[in-house]
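Notes follow the structure.
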Amino acid sequence: MIAGTALQALIRTQLPDADVGIVDRTGTMDHFNLTIRSRAFKGKTLLEQHRLVYGALEEALRDGRVHAVELKTIVAES
Amino acid sequence: MADNYNDEIEREVAEHKILVYGKGTKDAPRCGFTLETIEFFDSFGYPFEVIDVLENQAKRDALSQMTNWPTLPKVFINGTFYGDTDILGAMAESGELQTTLQDAFGGTALPTKQTINLR
């Protein structure tokens, strides 16, 4: 389980400008739909964009704070 | 050790044009995302394989290391890693996936599920 603010902070360790939309899919605060907007995605394939996010979440995924994530990444233009 | 799994994984990836490493099997998926991935590929009509790695942490670690991707399911098409349905769904929307699948299966037209040609 992880609080939304902590999850957002984790993502911002890799993507400091990230705008993070969080949906708690199951009410248990460990299955999330995340919509992340960042300039860092610019010019990257979708796989690379998602790898950036997973890089930020790797520890939380390993220790179970986050169990499952459905990701949507959006390239922020400005 | 992780490395003897690398050979096993490379062999499996080469053996199947569409390969899903997931939790559970095709008949008994044990994770929502694995089920979603099975249903996703069912909708395209091409043959695909699901390999259950739920209980095999060493193989899961080898896979994560090889693909730099921490979660399951992990999908390979024609030997290339494509992540999961978050990636494949977007590729399907843009039509890129249909081309990738046709290339993988030697340009055969997409087998529509309804018409089974018996030629």
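The values are calculated or read from the model by the stated rules, or taken from the named source; none is laboratory data. Only a predicted model underlies this, so the values are computations on that prediction, with no experimental measurement involved. Don't worry about glycine lacking a Cβ; one is built from the backbone with ideal geometry, like all the others, and counts go over all protein chains shown. Note: accessible area is taken over every heavy atom of the protein model, side chains too, but ligands, DNA and RNA are not part of it. Shrake-Rupley method; radii C 1.70, N 1.55, O 1.52, S 1.80 Å.
A few notes on this one:
- Note on region B:32-49: residues that are more than 14 Å from chain A (Cβ to nearest Cβ), hydrophobic (A, V, I, L, M, F, W, C) and closer than 23 Å to residue A:25 by Cβ total 2.
- You will find that of A:76, A:3, the residue that is surrounded by 13 or more Cβ atoms within 10 Å (Cβ to Cβ), on the phi < 0 side of the Ramachandran plot and over 11 Å from the mean Cα position of the chain (by Cα) is A:76 and no other.
- Options A:22, A:36; residue that is more than 13 Å from chain B (Cβ to nearest Cβ) and either without any contact (Cβ under 8 Å) to a residue 24 or more places away in the chain or assigned to a strand (DSSP E or B) (or both): A:22
- Note on region B:2-37: among residues that are over 22 Å from residue B:66 (Cβ atoms) and not basic (Lys, Arg), the one that is surrounded by the fewest Cβ atoms within 10 Å (Cβ to Cβ) is B:27.
- Qualifying residue in region B:38-47 (condition: closer than 24 Å to residue A:67 by Cα and part of a loop (DSSP other than H, G, I, E, B)): no
- Meets criteria (within 14 Å of the chain's Cα centre (by Cα), without any contact (Cβ under 8 Å) to a residue 24 or more places away in the chain and in a helix (DSSP H, G or I)) for residue B:87: yes
- Residues in region B:76-95 that are open to solvent by 30 Å² or more (accessible area, probe 1.4 Å) and either of a type in the set (Val, Ile, Thr) or more than 10 Å from chain A (Cβ to nearest Cβ) (or both): B:78, B:79, B:80, B:93.
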